[in-house]
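Engineer: Quick one: the structure is below, and I'll ask about it shortly.
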2 protein chains.
Amino acid sequence: MQDVEFGHVECADCPIRHRAVCSRCETDELVLLEEIKYYRTFEAGQTIAWTGDKLDFVATVVSGIATLSQTLEDGRTQMVGLLLPSDFMGRPGREMATYDVTATTEVVMCCFRRRPFEELMRTTPHIAQRLLEMTLDELDAAREWMLLLGRKTAREKIASLLAIIARRDASLKLSKAGGSLEFDLPLTREAMADYLGLTLETVSRQVSALKREGVIELAGKRHISVPDFDRLMLETGDDCDGGMPF
Amino acid sequence: MQDVEFGHVECADCPIRHRAVCSRCETDELVLLEEIKYYRTFEAGQTIAWTGDKLDFVATVVSGIATLSQTLEDGRTQMVGLLLPSDFMGRPGREMATYDVTATTEVVMCCFRRRPFEELMRTTPHIAQRLLEMTLDELDAAREWMLLLGRKTAREKIASLLAIIARRDASLKLSKAGGSLEFDLPLTREAMADYLGLTLETVSRQVSALKREGVIELAGKRHISVPDFDRLMLETGDDCDGGMPF
DNA sequence: CGACGTGTTGAAGACTCTCAAAGTCCGTGG
DNA sequence: CCACGGACTTTGAGAGTCTTCAACACGTCG
């Protein structure tokens, strides 16, 4: 793998310090992590791990977006997770990758060698506690996605994905004015299709339909603005007040 | 909820002692668990919890089968998990149920009051460690299921479900002779449909088709035998040697 | 400029769903 | 004992959604 060395960053200055697997750690615990961590950068499109690869590290996404996906023998693929900044990759106690991990944008990861990390897990309850919490959140998200994959129509799937991305984007920018939202799609039509269990043509058609009906506006292929977020939510098929994914 | 008091069982004699959340506990730790545990029995068909219910306990399934499901406002429902003996229900740190939990057979649960259990989690690393491990396994299973929901055909979905149940049944009975497998379906056609993201009619048709073609044999509606397991595996669409769900 | 990656659109077809009717099994009650 | 109702299942026919295959548009890059 071609990957670029990334300048060392103090944990205390880390942009995702408060959300990642290390968020509960005290300063003395951070020192221990600091000793076994190193940064790696992956280019957009680069594969970070193939299913079955031996992985000698676990890692936290510092910046960028990566995807987890599974493939059937005949090539059908399904995305099963999205790794956003602060998300954790890899499983303590397991050597092999169980998914294909791909960088969709440039990705910077904070890596820990697996053995020392596992050792730290045993001695530092704060890490294990946080990892449990994060894993439970991921499980909830995965199950929410199962509902989407199993029961939603193509249109509802698209609306749900856009709503999730819009909401996440808004929460990052803190620009949560009730009015119009704008964001860039971090995924190609094909990636959206793999995420939603659709074909890319269906994705394209449904996006066009939502645009035609004024639910969203497009500037270029990737830039989307949502004039009325509630209108978009109506299209998702979800309970509009119930528990939200992500 | 009508539920029957269940005779107290010593943890040491518990049939799922070695697989449940308590499997790593030492005998002195079991004593602590023993103090806060109690048994409850739920009848077949009974709802154990509704989404949004306040849950003042977490629990381990001792015997029987329960399902986790989510529902859209218009009634479409998707099963998002199956609770088998030794599986854990409830989330430490969360008051509300996030899924509907339903007993499909009579279910005996070993319950722990939530607060004391959370306290034990903090003081007893063995419990937290095991729970993390179980949660990671569930996450893997959920993602395997996402592949099924998003990309498999109806026929492949049915074959996958039968293969999973057959394999689990075989591992319980230790009757892993390579030859013919037999088992009872613990689910109605409707429950299978909710699990697979299909309609019950499609489930029925595909089961009939598999029977017609000799992949499976039916005795009554629920008893199934598989003359050639490899043949069934071919129908699942999976890599026949790769990592297996469950 | 032409190749390539990405995205859009159309037409035909496949698969699954919806609606409807009827069959099986089982327990209740006459 | 048998009729009856209810839960569960099977099967058919038609409709609809989504996929497949194909052509074309757009922008970047060599």
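The values are calculated or read from the model by the stated rules, or taken from the named source; none is laboratory data. As the structure is a computational prediction, the values presented were derived from the model and not from experiment. Reconstructed Cβ throughout: ideal geometry from the backbone, glycine too, with neighbour counts over all protein chains shown. Heavy atoms of the whole protein, side chains included, go into the accessibility calculation; ligands, DNA and RNA do not. Shrake-Rupley method; radii C 1.70, N 1.55, O 1.52, S 1.80 Å.
Engineer: Whose amide H sits under 5 Å from the amide H of residue B:83, counting only residues 5 or more places off or on another chain, with H placed in the peptide plane?
Structural biologist: Here B:66, B:67, B:68 satisfy the definition.
Engineer: Can you tell me the 0 to 90 degree angle between the C-alpha axis of helix B:154-173 and the longest principal axis of chain B, rounded to 10?
Structural biologist: Helix B:154-173 sits roughly 50 degrees off the main axis of chain B.
Engineer: Taking Cα atoms, how many degrees apart are the long axis of helix B:125-151 and the longest axis of chain B, rounded to 10 and kept between 0 and 90?
Structural biologist: 20 degrees
Engineer: Any idea what angle helix B:200-212 forms with the longest principal axis of chain B, computed on alpha-carbon atoms, 0 to 90 degrees, nearest 10?
Structural biologist: For helix B:200-212, the angle is close to 60 degrees.
Engineer: Give the shape of the range A:121-201 as rounded, prolate or oblate, defined through the alpha-carbon gyration tensor: a ≥ b ≥ c are the square roots of its eigenvalues, a/c under 1.5 means rounded, and otherwise the shape is prolate if a/b is larger than b/c and oblate if not.
Structural biologist: Verdict is oblate for the range A:121-201.
Engineer: Defining a contact as two alpha carbons under 8 Å apart and six or more residues distant in sequence, what relative contact order in percent does the range A:13-171 show?
Structural biologist: 29 percent
Engineer: If you find the alpha carbon centre of the range B:139-159 and of the range B:90-113, how far apart are they in angstrom?
Structural biologist: The range B:139-159 and the range B:90-113 have Cα centres separated by 24 Å.
Engineer: Which of A:233, A:21, A:223 sits closest to the plus end of the dipole of chain A, meaning its Cα is farthest towards the positive end, when Lys and Arg get +1 and Asp and Glu get -1 on the C-beta?
Structural biologist: A:233
Engineer: Another question, if that's okay. Every other copy gets compared here: list the nm distances from the residue A:171 label point (7 Å along Cα to Cβ) to its counterparts, shortest first, one decimal.
Structural biologist: Label-point separations across copies, in nm and ascending: 3.4.
Engineer: Here is a further query. Assign one of three labels to chain A, namely rounded, prolate or oblate, based on the Cα gyration tensor with a ≥ b ≥ c the square roots of its eigenvalues; rounded applies when a/c is under 1.5, prolate when it is not and a/b is larger than b/c, and oblate otherwise.
Structural biologist: Prolate is the answer for chain A, as a/c is 1.5 or above and a/b outweighs b/c.
Engineer: Work through the residues other than residue A:157 whose Cβ is under 11 Å from its Cβ and net out their charges, Lys, Arg +1 and Asp, Glu -1.
Structural biologist: Computed value for this residue: +1.
Engineer: Per the helix-only calculation at 222 nm, which mean residue ellipticity applies to chain B, given -39500 (n - 2.57) for every DSSP H run of n ≥ 4 and division by its residues, nearest 500 deg cm²/dmol?
Structural biologist: Per the formula, -12500 deg cm²/dmol.
Engineer: Please list, in chain and number order, the residues 5+ apart from residue B:57 or on another chain whose amide H is under 5 Å from its amide H, with Hs placed from the backbone.
Structural biologist: Amide H neighbours of residue B:57, under 5 Å, 5+ apart: B:114.
Engineer: Then there is this: Magnitude of the Cβ-charge dipole of the range B:4-148, K/R +1 and D/E -1, about the Cα centre, nearest 20 debye?
Structural biologist: 220 debye
Engineer: Using unit Cβ charges (K, R positive; D, E negative) and no other charged atoms, how large, in debye to the nearest 20, is the dipole of chain A about its Cα centre?
Structural biologist: Value, rounded to 20: 440 debye.
Engineer: Sort the range B:49-91 into rounded, prolate or oblate with this rule: let a ≥ b ≥ c be the square roots of the eigenvalues of the Cα gyration tensor; rounded if a/c is under 1.5, and if a/c is not under 1.5, prolate when a/b is larger than b/c, oblate otherwise.
Structural biologist: Oblate, since a/c reaches 1.5 and b/c is not below a/b.
Engineer: Further question: Could you state how much accessible area residue B:61 has, in square angstrom rounded to the nearest 10, with a 1.4 Å probe and all protein chains kept in place?
Structural biologist: Accessible surface of residue B:61 is approximately 0 Å².
Engineer: Using unit Cβ charges (K, R positive; D, E negative) and no other charged atoms, how large, in debye to the nearest 20, is the dipole of the range B:153-235 about its Cα centre?
Structural biologist: Approximately 80 debye in magnitude.
Engineer: Starting from a label point 7 Å past Cα on the Cβ side, list the distances from residue B:212 to the same position in the other copies, nm, shortest first.
Structural biologist: Nearest first, the other copies' label points are 3.7 nm away.
Engineer: Note down the accessible area of residue B:123, probe 1.4 Å, to the nearest 10 Å².
Structural biologist: 90 Å²
Engineer: If you put a point 7 Å past Cα along the Cβ direction, how far is that point for residue B:118 from the same point in each other copy, in nm, smallest first?
Structural biologist: 3.2
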